[in-house]
Amino acid sequence: MSSASLLRIGVTGLTAHQSALQTTGHNISNTDTPGYSRQNVSLGTQTPEFSGAGYQGTGVKTLEIRRIADEFAVSQLRLDTSAFNELDTYLSNVGQIDGLLADISTGLAPGIQNFFAALHAGTDDPTSVPVRQLVLSEAEGLAGRFETIQSRLEQHNNTVNLQLETIASEISSLGQGLANLNKSIVAATGRAQDSAPNDLLDTRDELLKKLSALVSVNVVSTGQNAVDVFIGSGQALVVGNKAYELKTVAGETDSSRKDLAFVSGGLEQTVTSLITGGKLGGLIDFREQVLDTSLNTIGRLAITLATGVNEQHSLGLDLNGQFGKNFFEDVNSQQSMLDRVVADKDNLSGNETRLSVEITDASQLSASDYYLAFPGPGSDRYVLSRVDNGDVVKKGVLSGALPDSISADGIQINIERGEIIQGDRFLIQPTRFGGKDLVVELERPEQIAFASAVRGDASLGNAGTGKITNTKALDVSTRSFSVPGELSPPLLIRFTSEVTYDILDNSNPSRPVDLVPPFRNLRFTPGIENQLLPDGVGQTAVSSTGALAGRLPSRFTETPSDGNSNNGYVDETITISTINPVSGVLSVQPDVQVNAGDAASTIAQKLSGLHGVQASARTKVFVSDFSNQAVGGFPTEFIVNGIQVNDPDNPLEPELLNPNYLADLMTGNPTFAALGITAKSNGDTLTLESFTGDDITVAIRGDVDDTFLLRDVHGNDLEMSGAGGSTPATITGTFDRSAGYNFDLGGPYTMTLKLNNGVDQVVTLTGNQILGSDVAREIQAAIDSSDIASGDIVASMGTDGRMSITTREVGENQAIEIVDVSPALSFALGFEPATAAGADIKNEVTVGGVLSVFMEEGVTLSSDAVSVNGNLFKAEPEALSTYLGYQISLDGAPEAGDKFTVEYNSDGVSDNRNGLELTALETTKLVDRGSVTLLDSYGRMVETVGVDTAQSQINMEASESLLQQSQANRDSISGVNLDEEAADLIRYELGYNASAQVISIARSLFDTLLNSFR
Amino acid sequence: MRVSTIQTFNNGVNNMQRVSGLAADTQNQISTGRKFLSAADDPVAATRILQLNQEIAIRGQYQKNITSVTNRLSLEETVLTGASELLQRVREITVQAGDGSLNKEDRSFLAQEVDIRLDEMLGLLNSKDANGEFIFAGYKGDTQPFVKGGGGGFKFQGDEGERLVQIGATTFVNSRDSGKGIFEAIPAAELNFSTANNPRNTASPPANITVGQIIDKEAFEAFHPQDAFIEIERVDALEPPQLNYTVRRSSDNRVIEGLQNIPFYPGANIQFEGISVRISGVPDVGDSFNIESSTQQSTLSTIARLNDALQNSEDTPEGRESLRISLESTLNNIDNAQTSLLETRSRIGGRLNTLESTQSIHEDVDLVSQDVLSQLQDVDFAEAVSRLSLETFVLEAAQQSFARIANISLINNL
């Protein structure tokens, strides 16, 4: 044992405990230092000496000063810090939007409600100017609210941009700090022979935690206690002692927002989409998920409101009787259309290329932005996809010639000029700026169009209960509204029966004329509200304009000798083909076969049997210039469709058949009414008309000098004259008996005759007749001696020697019948049992009707007529539009002769029908393909943002408690506990005192040793 | 578990902040009376609240509409009541005039009163509402509906328009009736006709056709229900050239009674088929004037014709007989006119009933909506206050306990 050793042992104890005390003191003074990990002294024994009796301990030494830190707890804390900050930032931003939208003073719902409330008041009292002024004020207030929200949202965007900038520079400077620390740590580690520089490590951990609050980081240890830091998808922020910069740049596709870019090796790489976690991630998420969607939804709301109101407003009349102008500014102004497209910064095509976006159907708009990309190959292939979920909306190929356009989702992208190069991309934002673009264009209250453009009136003379219930303008660009202040033309609706009506052009109320194309014989159902006009834009009508339709032949037919007349129509095949307007598919229906001589009514029926076709027919012929010669043998008989109109035996019949007399006769004859034929006379001309399109046959029986003039609807004339006679009944034998015949040889020569269906008479021939004339005389005598009145049947010999028996009277009621002939007589004269009748000779003409064929949209009619002028129809007859641009509803039970007029609603200042339509917009599902009303769409957005906020609130609270837990975890490992340190103080102080005591004992040992030598 | 000093403080502070945050929220709820302040607090309820508010607003609008329609209809009813009373008085005069002991002079006094009543009636029919709109003019609110036409008759210048007002989601009510239906389209005791200028006439100032009268009942009855028109023909159709007219039947353009190219003199009688009319003013070539048969006679015409008959009555037997006939038909027409007024008033009554019942339905639904709204968004004060006292209690406990623990440290005992 050596006292010096004891001294040394004491000293080691002293220094060791001193170091421990210092460390404890260091811990205590750093209790509140953030990120500090408590340090611990690790003591160990000195190397023992071998002393023969064993190893002698030589004291204590400080092995190391340990930093109590758990890498895993620290990295868990970093992760939780990132997560919490991301959610917290997202929540605070979303919460602001939530507050903005739901607030009464800034939210849209009260604005929209007030606007429609003002419209209601205006609809109730359209002549009041103050009420109209209120409508304009509320509209401006609503536009103001939209603008406020839009600018608040855009301001928010700017704030986000600024925050991104600040955080990016903070990250860059933290990175720089970390790089410097790395350098110091490596140097310090090297100096200390690999023992860790505890405090520097703490500082670095603290910096890393700050960094993770801003963005998610990935920390990788490299040698010598240095770390590399990566962010995003692997971009290096710090490598060794070098730091790289993160900064903000103007947006690649959207210049109103900043993107994050990584600067490395002089190149800038945009990393916005790759950044996650921390405040940065929270801001980017918010911007993409909430801010963009909110701006777009608000914009869509504004655009739908503006287009809906403008469209309805344009159909009405204002206080001055003029059509309503735009209530709000047109959403498709030149500037707005250009603003909706942003070209990518990297596009090769440059500034010459110009695109614009037109809103074509606001109800189809979505709340998403779109990318229009040209990925190639070639520069004509395009892909249109949504930004929010990446769905491809449309793919195709451009035509190559500019201007060209692409339509989808309610928008039409017009490529106006310039050149597209493969690889170009454009950002399409259809609704982004809608909120700002909502501006009231009307300036004066009289310009609000509450009245409807068209009005209907029933005539005071109507006998039925028909009533026009509504008139509505559908399209003010049609010809009907081409003259301001008038309907072109005004209409007269005239009922021809309880279920049919005509619509006529009432420009001159004294003389209404047909419309072009004619609207005749339309069907009406009493007791329900009928829509009187065709309301399809594509509906057309075709008239039979071929050369044969309704035409008089060039000459009349003499009947019955030349057979019966017919209307001259030939075989014709009519084909109806339909192109489905939606699918474009062509389908052909079975051909309609017109047989020669078919009446127009039959053809109309055949056509109406086809799908999408409604045909009606009408026949008309004019008769004038009657001339009835008083001298002459035959009375003039006027026959229509086989029915004799006049009665020549009537003593009151005027010498000159005149149109008035004939018209009255025909009107008074119920047979004609049953056939559907009407007769009218204006004093000069008799107009015969068949409302069903049946043929009209006009015949005259009389002298050759009895004439009249026929005229058809095309103006062609034909003069008809009497045929001049009738024929008797005749039966002629077959043998030439001009040489006479001996009736005494052979026999008996008998025959049985019947005249005019009377009693059978037996006639016997006798005597030897020398000459043919004698034979004739014998026959005459024999007949006269029977009960047949003398002379009623005349026997004669023809120039060819043949004998004939003829009735004395003429006409079709004369008939001879040979009932029975004896064989001898048959041999002699050649008479056989036969019947003969007389005939009335008439000249007759048949006129056919013309057809009017109404067809649904996409239906066309063609005929196989080969000549240029066509048969009934031309080969490709012209289809005229039947769309007048407005609709009339009529209810009740009108009677024949009732009339209704439809005209422009001039002076209609008390009319509020258009106002009713405008107020109905509030409850109409206008938005998103007809699924929600305006207010519901706004409500949906508020709900979505609210749900998002609530969700983020929950998430944030959850991650906050996770963060607190991991913080607690880390603190429980590395945090300083003052009680513990106090205990350590006491412990190490005791140890120090004890070691001091050891030294003191060593000294006294030495003293004792020294004293023993004195 | 090892608890570091920082942790002790952090935990304590966090908890105190959390509880005081809750207490602050509750206090906010109590002071605003609302369960939540932003949609995020309960998004589903927030949307429902938006919808309910909208429904209440729309219903409020309907209530306003109901009030204004009720006012209008009440005004109309008042006017109609006045008209009814007036007609009653005219009826009395008519009956009085049938007294055989009166002579021409007496009847002329009666005629004077009828004249005054006629003007009164005209004024009633041209009533305006508070905004200055004529109530019986249909859509032409700024156009006086009934004006004196030439020849003692009256013309209706309005149209048939009826103004609908929305009082419910699918309920619309007429807020006014057109004078045409009430005063013009009244079934007449006898066959009648109306006259009109063709709106396409070009003469300026326009020539007007008078109301006309029936001079031969049987002839007119034979003509009825045909319509006719008088057309001014080209001057060179006559020699020497002068204005001339032709009368034609509308259905077939047939010339009536040979009246073709008859020389025209303004104000001269044009008579055909038992009708006599006059055209005043100078028309242009091509102008035309329509005569339309009808079975209706307007109220004003009835009174005007009575006036005419009383003024022009003679004391001869034929005069008395024709007066008797006139009075009889006048009585029938007045009765028909009264019926028309009554029908209209009962229609108005029906509408007022509808308005009233709709209003009470709206009120009931409103109550329910308000109730639901209150349940959704109003705070339950009892629950909130007791929650607040709990939270403040917890807060105090947290603060006190924290103060205790924070002080305890071994350092103090060194």
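The values are calculated or read from the model by the stated rules, or taken from the named source; none is laboratory data. Everything numeric here is computed off the predicted structure, so don't read it as measured data. So basically every Cβ, Gly included, is an ideal-geometry build from the backbone, and we count neighbours across all protein chains shown. What goes into the accessible areas is simple: the full protein's heavy atoms, side chains included, and nothing from ligands, DNA or RNA. Shrake-Rupley method; radii C 1.70, N 1.55, O 1.52, S 1.80 Å.
Having 1 or more residues that are within 14 Å of chain B (Cβ to nearest Cβ) and surrounded by 17 or more Cβ atoms within 10 Å (Cβ to Cβ) is the bar; report the strands (runs of 3 or more DSSP E) wholly within the stretch A:391-471 that clear it.
Numbers: elements: A:392-397, A:404-408, A:411-417, A:425-428, A:454-458.
In the stretch A:391-471, A:454-458 are the strands (runs of 3 or more DSSP E) which contain 1 or more residues that are within 14 Å of chain B (Cβ to nearest Cβ) and surrounded by 17 or more Cβ atoms within 10 Å (Cβ to Cβ).
I'd like to check something: does the stretch A:984-992 contain any residue that is facing chain B (nearest Cβ under 7 Å) and open to solvent by less than 20 Å² (accessible area, probe 1.4 Å)?
no
Would you be able to tell me the number of residues in the stretch A:348-362 that are open to solvent by less than 30 Å² (accessible area, probe 1.4 Å) and either modelled with pLDDT of 90 or more or touching a helix residue (DSSP H, G or I) at 6+ places or on another chain (Cβ under 7 Å) (or both)? Show your work before the answer.
Of the residues in the stretch A:348-362, the ones open to solvent by less than 30 Å² (accessible area, probe 1.4 Å) are A:349, A:353, A:355-357, A:359, A:362.
Filter once more, keeping what is either modelled with pLDDT of 90 or more or touching a helix residue (DSSP H, G or I) at 6+ places or on another chain (Cβ under 7 Å) (or both): A:356-357, A:359, A:362.
Qualifying residue count for the region: 4.
Based on this model, can you work out whether A:LEU119 counts as in contact with a helix residue (DSSP H, G or I) (Cβ under 9 Å, 6 or more places away or on another chain), part of a helix (DSSP H, G or I), within 12 Å of chain B (Cβ to nearest Cβ) and crowded, with 18+ Cβ neighbours inside 10 Å? Write out each step before concluding.
Values: in contact with a helix residue (DSSP H, G or I) (Cβ under 9 Å, 6 or more places away or on another chain): yes; part of a helix (DSSP H, G or I): yes; within 12 Å of chain B (Cβ to nearest Cβ): yes; crowded, with 18+ Cβ neighbours inside 10 Å: yes.
When the stated conditions are applied, A:LEU119 passes them.
Against the conditions (1) more than 30 Å from B:LEU341 (Cβ to Cβ); (2) within 14 Å of chain A (Cβ to nearest Cβ); (3) in contact with a strand residue (DSSP E or B) (Cβ under 6 Å, 6 or more places away or on another chain); (4) among the polar types (S, T, N, Q), where does B:SER293 fall short? Just the number, please.
In the conditions (1) more than 30 Å from B:LEU341 (Cβ to Cβ); (2) within 14 Å of chain A (Cβ to nearest Cβ); (3) in contact with a strand residue (DSSP E or B) (Cβ under 6 Å, 6 or more places away or on another chain); (4) among the polar types (S, T, N, Q), B:SER293 misses (1) alone.
Whether any residue in the stretch B:246-256 is crowded, with 17+ Cβ neighbours inside 10 Å, hydrophobic (A, V, I, L, M, F, W, C) and more than 13 Å from chain A (Cβ to nearest Cβ) is what I want to check.
no
Of all residues in the stretch A:907-924 being more than 10 Å from chain B (Cβ to nearest Cβ) and assigned to a helix (DSSP H, G or I), which is nearest to the chain's Cα centre (by Cα)?
In the first step, residues of the stretch A:907-924 are kept if they are more than 10 Å from chain B (Cβ to nearest Cβ); the result is A:914, A:917-918, A:921, A:924.
Checking the rest, the ones that are also assigned to a helix (DSSP H, G or I) come to A:914, A:917-918, A:921.
On the way: A:ASN914: 22, A:GLU917: 20, A:LEU918: 20, A:LEU921: 17 Å.
The residue in question is A:LEU921.
Are any of the residues in the stretch B:1-11 surrounded by fewer than 16 Cβ atoms within 10 Å (Cβ to Cβ), farther than 14 Å from B:LEU376 by Cα and away from every other protein chain (no Cβ under 11 Å)? Even if it seems obvious, please write down each step before you answer.
Kept after step one, since they are surrounded by fewer than 16 Cβ atoms within 10 Å (Cβ to Cβ), are these residues of the stretch B:1-11: B:1-3, B:9.
After this cut, where a residue has to be farther than 14 Å from B:LEU376 by Cα as well, the list is B:1-3, B:9.
Pick out the ones that are also away from every other protein chain (no Cβ under 11 Å) and you get none.
No.
Of A:SER995, A:SER972, A:SER952, which residue is more than 10 Å from every other protein chain (Cβ to nearest Cβ) and either touching a helix residue (DSSP H, G or I) at 6+ places or on another chain (Cβ under 7 Å) or not in a helix (DSSP H, G or I) (or both)?
A:SER995
Count, please, the residues in the stretch A:492-508 that happen to be within 12 Å of chain B (Cβ to nearest Cβ) and either in a loop (DSSP other than H, G, I, E, B) or of a type in the set (S, T, N, Q) (or both).
The number of residues fulfilling the criteria is 4.
Which of the residues spanning the stretch B:257-271 are more than 23 Å from A:TYR661 (Cα to Cα), part of a loop (DSSP other than H, G, I, E, B) and modelled with pLDDT under 85?
B:GLY267, B:ALA268
Looking only at strands (runs of 3 or more DSSP E) that fall completely inside the stretch B:95-211, which ones have 1 or more residues that are among the basic types (Lys, Arg)?
On the way: elements: B:146-148, B:154-156, B:164-166, B:172-174, B:187-197.
Qualifying strands (runs of 3 or more DSSP E): B:146-148, B:154-156.
Would you confirm, using the coordinates I've provided, whether B:LEU86 is within 22 Å of A:LEU460 (Cα to Cα) and open to solvent by less than 30 Å² (accessible area, probe 1.4 Å)?
Working: within 22 Å of A:LEU460 (Cα to Cα): no; open to solvent by less than 30 Å² (accessible area, probe 1.4 Å): yes.
No: the conditions fail for B:LEU86.
Could we say that A:PHE146 is open to solvent by less than 10 Å² (accessible area, probe 1.4 Å), assigned to a helix (DSSP H, G or I), at pLDDT 90 or above and over 25 Å from B:ALA130 (Cα atoms) here? Show your work before the answer.
Values: open to solvent by less than 10 Å² (accessible area, probe 1.4 Å): yes; assigned to a helix (DSSP H, G or I): yes; at pLDDT 90 or above: yes; over 25 Å from B:ALA130 (Cα atoms): yes.
Answer is yes for this residue.
When you look at A:SER961, is it among the polar types (S, T, N, Q), surrounded by fewer than 21 Cβ atoms within 10 Å (Cβ to Cβ) and either facing chain B (nearest Cβ under 8 Å) or within 30 Å of A:SER212 (Cβ to Cβ) (or both), yes or no? Working first, answer last.
Working: among the polar types (S, T, N, Q): yes; surrounded by fewer than 21 Cβ atoms within 10 Å (Cβ to Cβ): yes; either facing chain B (nearest Cβ under 8 Å) or within 30 Å of A:SER212 (Cβ to Cβ) (or both): yes.
Considered against the rule, which asks whether it is among the polar types (S, T, N, Q), surrounded by fewer than 21 Cβ atoms within 10 Å (Cβ to Cβ) and either facing chain B (nearest Cβ under 8 Å) or within 30 Å of A:SER212 (Cβ to Cβ) (or both), A:SER961 comes out as yes.
Applying the selection to the stretch A:925-939, what residues are in contact (Cβ under 8 Å) with a residue 12 or more places away in the chain and within 14 Å of another protein chain (Cβ to nearest Cβ)?
Our first condition is that a residue be in contact (Cβ under 8 Å) with a residue 12 or more places away in the chain; within the stretch A:925-939, this holds for A:926-930, A:934-935, A:937-939.
Of everything in the stretch A:925-939, those that are in contact (Cβ under 8 Å) with a residue 12 or more places away in the chain and within 14 Å of another protein chain (Cβ to nearest Cβ) turn out to be A:LEU934, A:LEU935, A:SER937, A:TYR938, A:GLY939.
Answer yes if at least one residue in the stretch A:863-873 is within 12 Å of another protein chain (Cβ to nearest Cβ), buried (at least 23 other Cβ atoms within 10 Å of the Cβ) and assigned to a loop (DSSP other than H, G, I, E, B), and no otherwise. Before you say what the answer is, go through the steps one by one.
Taking the stretch A:863-873 first, the residues within 12 Å of another protein chain (Cβ to nearest Cβ) are none.
Checked the stretch A:863-873: no residue is within 12 Å of another protein chain (Cβ to nearest Cβ), buried (at least 23 other Cβ atoms within 10 Å of the Cβ) and assigned to a loop (DSSP other than H, G, I, E, B).
Being in a helix (DSSP H, G or I) and loosely packed, with under 15 Cβ neighbours inside 10 Å is the filter here; which residues of the stretch B:31-41 pass it?
From the stretch B:31-41, those in a helix (DSSP H, G or I) are B:31-32, B:39-41; that's our starting set.
Within the stretch B:31-41, B:SER31, B:THR32 meet the criteria.
Restricting to the stretch A:573-600, what's the tally of residues that are at positive phi and surrounded by 13 or more Cβ atoms within 10 Å (Cβ to Cβ)? Steps first, please.
Step one: of the stretch A:573-600, the residues at positive phi are A:584, A:597.
In the following step, the residues that additionally are surrounded by 13 or more Cβ atoms within 10 Å (Cβ to Cβ) were identified as A:597.
Final tally of qualifying residues: 1.
Take the stretch B:164-184 and flag every residue that is free of Cβ contacts under 8 Å to residues at least 24 places away in the same chain and touching a strand residue (DSSP E or B) at 6+ places or on another chain (Cβ under 8 Å).
Passing the criteria: B:LEU164, B:PHE172.
Exactly one condition in (1) farther than 27 Å from A:GLU311 by Cβ; (2) part of a loop (DSSP other than H, G, I, E, B); (3) in contact (Cβ under 8 Å) with a residue 12 or more places away in the chain is not met by A:SER385; state its number.
If we test A:SER385 against (1) farther than 27 Å from A:GLU311 by Cβ; (2) part of a loop (DSSP other than H, G, I, E, B); (3) in contact (Cβ under 8 Å) with a residue 12 or more places away in the chain, just (2) comes out false.
Among the residues of the stretch A:211-226, which ones are surrounded by 19 or more Cβ atoms within 10 Å (Cβ to Cβ) and either outside any loop (DSSP other than H, G, I, E, B) or within 60 Å of the chain's Cα centre (by Cα) (or both)?
A:LEU211, A:SER212, A:ALA213, A:LEU214, A:VAL215, A:SER216, A:VAL217, A:VAL219
Name the residue that is least open to solvent (accessible area, probe 1.4 Å), counting only residues in the stretch B:330-379 that are touching a Ser or Thr at 6+ places or on another chain (Cβ under 7 Å) and over 30 Å from B:GLN297 (Cβ atoms).
Step one: filter the stretch B:330-379 for residues touching a Ser or Thr at 6+ places or on another chain (Cβ under 7 Å), giving B:330-331, B:333-334, B:337-338, B:341, B:352, B:355, B:358.
Of the ones still in play, those that are also over 30 Å from B:GLN297 (Cβ atoms) are B:355, B:358.
Numbers: B:LEU355: 2, B:THR358: 20 Å².
Per the stated criteria, the residue is B:LEU355.
Could you list, ordered by first residue, the pairs with Cβ atoms under 7 Å in which the first is in the stretch A:63-91 and over 24 Å from B:ALA40 (Cα atoms) and assigned to a strand (DSSP E or B) and the second is modelled with pLDDT under 95 and open to solvent by 50 Å² or more (accessible area, probe 1.4 Å), at least 6 apart or interchain?
Once the first residue is over 24 Å from B:ALA40 (Cα atoms) and assigned to a strand (DSSP E or B) and sits in the stretch A:63-91, its partners that are modelled with pLDDT under 95 and open to solvent by 50 Å² or more (accessible area, probe 1.4 Å) give A:LEU63/A:LEU43; A:GLU64/A:SER195.
Can you name every residue in the stretch A:785-802 that is within 15 Å of A:LEU771 (Cβ to Cβ), surrounded by 16 or more Cβ atoms within 10 Å (Cβ to Cβ) and small (Gly, Ala, Ser)?
Result: A:ALA795, A:SER796.
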